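Heads up, the thing below is written out as structure tokens.
The values are calculated or read from the model by the stated rules, or taken from the named source; none is laboratory data. This structure is a prediction, so every number in the text was calculated from the model and none was measured. Every residue, glycine as well, gets a Cβ built from its backbone with ideal geometry; the counts of neighbours run over all protein chains shown. We work out accessible area using only protein heavy atoms, side chains counted, and drop any ligands, DNA or RNA first. Shrake-Rupley method; radii C 1.70, N 1.55, O 1.52, S 1.80 Å.
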Number of protein chains: 2
Amino acid sequence: MSSHKQTIILTEKEEMTKGKMIAQACHASLKAYKKADKEKTSKWEKQGQKKVILNAGDHKLEEIHQQAKRNNLSTSLIRDAGRTQLKPGTKTAVGIGPDEEQKIDNITGQLGLIK
Amino acid sequence: MSSHKQTIILTEKEEMTKGKMIAQACHASLKAYKKADKEKTSKWEKQGQKKVILNAGDHKLEEIHQQAKRNNLSTSLIRDAGRTQLKPGTKTAVGIGPDEEQKIDNITGQLGLIK
């Protein structure tokens, strides 16, 4: 059985606290999870629900999201409501999967981990 | 209609990277979500899926989880498999809800936000 994972891609912003960033990641994770194919989700759960957290760096979240869509991967793009630290509509996170590792790596392979 | 939220409680540890911490939070969020009452979950979704990220001291995660259980709140306690940065079984995160804000605040009211 091929390995499955979920990947969350974030952009670190000076004006965003760590707590805020974590909340955005959780939004992305849950939204992509809900959209995902149930068979893939079930495999992923049996395999330990691997989650990988990446840094989008200069790459655009919107671009990654669209690329995941074109590849028929479950994907979520999170925009902040802008009530606290960010401007309304600021893109903060993308969630992809659960899906096969290789399919996700084809899109996010060049991104580094959040340290 | 009363306000609903989901709260994630984390322990910051020196040996844990920010990415690792985010992954633990996503585990806790998803696990508590899946256990939650569907009617409450649906209200929470309509209200914008508020998530609050709090900081707990080292020994409090288990205590908070048990207290949430006793109060019949959906709750998850995450233990790390210990393959990378932490000792196996280290408690890293608790998720509570979605549920009514007041019920969650009764348990987590004294904890501060993750900055």
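Annotations for the structure displayed:
- Just one of the numbered conditions (1) charged (D, E, K, R); (2) within 23 Å of residue B:43 (Cα to Cα); (3) in contact with a strand residue (DSSP E or B) (Cβ under 6 Å, 6 or more places away or on another chain) is not true of residue B:91: (2).
- Scope the stretch B:90-108; condition within 19 Å of residue B:49 (Cα to Cα) and either open to solvent by 20 Å² or more (accessible area, probe 1.4 Å) or among the hydroxyl-bearing types (Ser, Thr, Tyr) (or both); matching residues: B:100, B:101, B:102, B:103, B:105, B:108
- Scan of the stretch B:17-29 for residues that are in contact (Cβ under 8 Å) with a residue 60 or more places away in the chain and open to solvent by 20 Å² or more (accessible area, probe 1.4 Å), ordered by number: B:17, B:20, B:27
- Filter result (β-branched (Val, Ile, Thr) and modelled with pLDDT under 95) within the stretch A:1-24: A:11, A:17
- Options B:75, B:92; residue that is more than 13 Å from chain A (Cβ to nearest Cβ) and closer than 12 Å to residue B:8 by Cα: B:75
- Hey, residue B:11 under 22 Å from residue A:8 (Cβ atoms) and more than 9 Å from chain A (Cβ to nearest Cβ) or not: yes
- Verdict on residue A:37 being crowded, with 23+ Cβ neighbours inside 10 Å, away from every other protein chain (no Cβ under 13 Å), in contact (Cβ under 8 Å) with a residue 60 or more places away in the chain and of a type in the set (D, E, K, R): no
Yes/no matrix, rows are residues, columns are (1) touching a His at 6+ places or on another chain (Cβ under 7 Å); (2) closer than 14 Å to residue A:26 by Cβ; (3) outside any helix (DSSP H, G or I); (4) open to solvent by less than 20 Å² (accessible area, probe 1.4 Å):
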residue	(1), (2), (3), (4)
B:1	no, no, yes, no
B:15	no, no, yes, no
B:31	no, yes, no, no
B:48	no, yes, yes, no
B:62	no, no, no, no
B:76	no, yes, yes, yes
B:88	no, no, yes, no
B:115	no, no, yes, no
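- Going through (1) in contact with a His (Cβ under 8 Å, 6 or more places away or on another chain); (2) within 14 Å of chain A (Cβ to nearest Cβ); (3) farther than 23 Å from residue A:97 by Cα; (4) not aliphatic (A, V, I, L, M) one by one, residue B:100 falls short only on (2).
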